[in-house]
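The values are calculated or read from the model by the stated rules, or taken from the named source; none is laboratory data. Remember, it's a predicted structure, so these values are computed and weren't measured experimentally. When we count neighbours, we look across all protein chains shown, and the Cβ atoms used for this are built from the backbone with ideal geometry, even at glycine.
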Amino acid sequence: MKEQTVTKIIVITSGKGGVGKTTTSASFAVGLASRGFKTAVIDFDIGLRNLDLIMGCERRVVYDFVNVIRGEANLNQALIRDKHIKDLFILPASQTRDKDALTLEGVSTVLDELSKTFDYIVCDSPAGIERGAQLAMYFADSAIVVTNPEVSSVRDSDRMLGLLSSKTRRAEEGREPLTEHLLLTRYSPKRVARGDMLSLSDVNEILAIPLLGVIPESQAVLRASNSGDPVILDKESDAGQAYMDAVGRFLGENIPHRFIEEKGNWLKRLLNFKEKETV
Amino acid sequence: MTVSGVAIDQNTCFQFKANFLPCTVLQVMRYDWEALEQQLLNTIRNAPPFFSDLPVIIDLDKIKSLGPLNFVKLKELLVANKMIPIGVRGGNEEQHLAANAAGLPTLSAGKLSVAETKPQKKEEPVVRLTKLVTTPIRSGMQVYAKESDLIVTAAVSQGAELLADGNIHVYGSLRGRVLAGVQGNLQARIYCRTLDAELVSIAGYYLTKEDMLHSPLGDGMKQIYLENEQVRISVL
């Protein structure tokens, strides 16, 4: 299953807050690591640390990202091994500093060192377009743009895509641009059908980047966050399965999209069919 | 009528803006000083407020063939009646010299200025390369085609801004702001396929999305241009 040789840096970004970046970072990191890739996930949201909670390792945080950048701790001291998967490590954010504590050189040094031993580095970007978000995306090889089917989220994602095409090391060095992926989260086919929510095609028309997956709106996500077990581990839930599919697609597997159609739609179609029959 | 989209911060002392003041043209048709003076006084008497502080350009097109007028007296007469003589246009070289001597500059205003006594050098034809953008223009991005046209073959998102001194062509879906002729070129035009723009502007005249809600638009290429200081949209 494992073939990765060159370390790949993935940024999980969105512009807008609360759309599911940290949930996605956690689930993606778990998904990659569970397939045998040595994976590190870094919380770039300095001052608003959350990833440790979602990953359920908040009680084991001693040193953080900023400590490493400032030379107050080495990387091995700060990396927290995941409780479920042995190939997964978490680098938590500092809760007591602000985003100005991050420097380009500091981030570069940490990523270089991680690249020596890790296959994938997942960067959980903070919301906004300021320093934290810009540094999270700067070194990325791939970007997963997390978007809710809602106009302000779509516009912010569009803005992020603009920055991704100009404000990254790849863009500045004129190298091949990073790969962009759209992950549509909190999708509710029922509300789309009612016209309350933008549809997948509406979002696709505006953003026009390849679709990595659709994560359905699910009770399982909140439950997972509160329990500190990333939702991808909940194999019974639709959101967990959707994340697993998305990780597979990210690794190049051909998996058909699910959770786009309304549940029980076949019943509705059958009824429609019957109605037509009777008319 | 401001030219939107030019970054202004606290350090900015001034900005140039395209502007069009109403201006009255005094077209001299027959040069008979006493008759002219009389006619002018009579005209003013009918509506004095109208002529107060009125900028006036003296047009000499109709009396091209005659010799110089007494521009000093003409200027004094206009000033005495509270008008503001700006300059002369049309006419011949001799008239221009006399007008210039009286402190009335020669305005070209779309007409060939003969006042330029230096023989004009034949200029090399300047071909400005059209700026071409083939990647999507995302929200927050700004593209400016300085002294040229702009062609965009990809989509222009909401919150993106296109600016050009010349014309703008957009072949992808258009949801952002488009400003053509930003240096004041009234002839500039915008061409697009799907028009869902937030704002379209020609030389500072603009329509917002709200203004365009009721524009009769079907499918097909659209043309946006300026006509009588009004921004018009037509389907090609």
Just to be sure I understand the filter: pairs with C-beta atoms under 9 Å, separated by 6 or more residues or on different chains, first member in the stretch B:130-151 and closer than 17 Å to B:A197 by Cβ and within 14 Å of another protein chain (Cβ to nearest Cβ), second member of a type in the set (S, T, N, Q) and surrounded by fewer than 23 Cβ atoms within 10 Å (Cβ to Cβ). Which pairs pass? B:V133/B:T153; B:P136/A:S165; B:R138/A:S165; B:S139/B:Q158; B:M141/A:S165; B:M141/A:S166
Regarding the stretch A:78-92, can at least one residue be identified that is over 21 Å from A:V145 (Cα atoms), assigned to a helix (DSSP H, G or I) and not basic (K, R)? yes
Would you mind stating whether A:I46 is crowded, with 24+ Cβ neighbours inside 10 Å and within 12 Å of A:A93 (Cβ to Cβ)? yes
Check B:V170 against each of (1) at pLDDT 95 or above; (2) surrounded by fewer than 24 Cβ atoms within 10 Å (Cβ to Cβ) and name the one condition it does not meet. (2)
Would you say A:F65 is within 19 Å of A:D141 (Cα to Cα) and in contact with a strand residue (DSSP E or B) (Cβ under 8 Å, 6 or more places away or on another chain)? no
Scanning for something out of contact with any Pro (no Cβ under 7 Å at 6 or more places or on another chain), among the aromatic types (F, W, Y), loosely packed, with under 11 Cβ neighbours inside 10 Å and at pLDDT 80 or above, does the stretch B:71-80 turn up at least one residue? no
So, first residue more than 14 Å from chain A (Cβ to nearest Cβ) in the stretch B:155-170, second residue among the hydroxyl-bearing types (S, T, Y) and in a loop (DSSP other than H, G, I, E, B), Cβ within less than 8 Å, six or more apart or across chains; the pairs are B:A164/B:S148; B:D165/B:S148; B:G166/B:T130; B:G166/B:S148
I'm trying to understand the selection: among the residues of the stretch A:92-107, which are without any contact (Cβ under 8 Å) to a residue 40 or more places away in the chain, surrounded by 15 or more Cβ atoms within 10 Å (Cβ to Cβ) and not β-branched (V, I, T)? A:G106
Can you find even one residue in the stretch B:198-207 that is under 28 Å from A:N204 (Cβ atoms), touching a strand residue (DSSP E or B) at 6+ places or on another chain (Cβ under 8 Å), within 14 Å of chain A (Cβ to nearest Cβ) and at pLDDT below 95? yes
Where in the stretch A:158-267 are the helices (runs of 4 or more DSSP H), entirely inside, with at least 3 residues that are within 14 Å of another protein chain (Cβ to nearest Cβ) and modelled with pLDDT under 95? A:200-207
Within the stretch B:173-191, restricting attention to residues that are free of Cβ contacts under 8 Å to residues at least 60 places away in the same chain and under 20 Å from A:G162 (Cβ atoms), which residue is farthest from the chain's Cα centre (by Cα)? B:S173
